[in-house]
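Here is the structure we will look at, set down as structure tokens.
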Amino acid sequence: MKKLLLTFAISLVFSITSYAQSINVGGVDINQIEGLQYIKISTFEKGFSSKIYIEVDYGQQVCVGGLGSRFEDEDGKDMIFNSTIHVCNLFSELGWQYIDSDFYFMEHTTIRINTFIFKRSNE
């Protein structure tokens, strides 16, 4: 049983480490962009919805509807989060340091948009 738990723990560490090396935004791994120091993350909460969608701005040109700025999983699908803190914790684990945040509501809607500024960690 101890060997099984140890094997599981080691597998988990390696999978997190390999995941932490890649942040795919519109098909681009932003951790591989030299000179990139700051990003803006926008989270979208629709009314009483419990799911959070995000867009990442690293200075790229973005198409209408946010194409090219969506944070994607390994399969190219939009990542969905449980809360804004889930987003902040993930980016912290991925090597980014929180700097500042703000929020606003889209005009004539119940859509709340939170924005977070992160800086690449020098560690």
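The values are calculated or read from the model by the stated rules, or taken from the named source; none is laboratory data. Here the structure is a predicted model, which is why all the values come from computation and not from measurement. With ideal geometry, Cβ positions are generated from the backbone for all residues, glycine too; neighbour counts draw on all protein chains shown.
With respect to the conditions (1) farther than 17 Å from Asn31 by Cβ; (2) touching a residue at least 60 places away in the same chain (Cβ under 8 Å), Glu93 falls short on a single one, namely (1).
For every residue, the table says whether it meets (1) of a type in the set (Asp, Glu); (2) within 15 Å of the chain's Cα centre (by Cα); (3) loosely packed, with under 11 Cβ neighbours inside 10 Å.
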position: Ile30; (1), (2), (3): no, yes, no
position: Gly35; (1), (2), (3): no, no, yes
position: Lys40; (1), (2), (3): no, yes, no
position: Ile52; (1), (2), (3): no, yes, no
position: Asp57; (1), (2), (3): yes, yes, no
position: Met79; (1), (2), (3): no, yes, no
position: Ser92; (1), (2), (3): no, yes, no
position: Thr109; (1), (2), (3): no, no, yes
position: Ile113; (1), (2), (3): no, yes, no
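No other residue among Val87, Val64 is of a type in the set (Val, Ile, Thr) and either at pLDDT 90 or above or under 21 Å from Ile117 (Cβ atoms) (or both) apart from Val87. In the stretch 65-76, the residues that are among the aliphatic types (A, V, I, L, M) reach residues that are assigned to a loop (DSSP other than H, G, I, E, B) and at pLDDT 70 or above with C-beta atoms within less than 9 angstrom, at least six apart or across chains, in these pairs: Leu67/Gly26.
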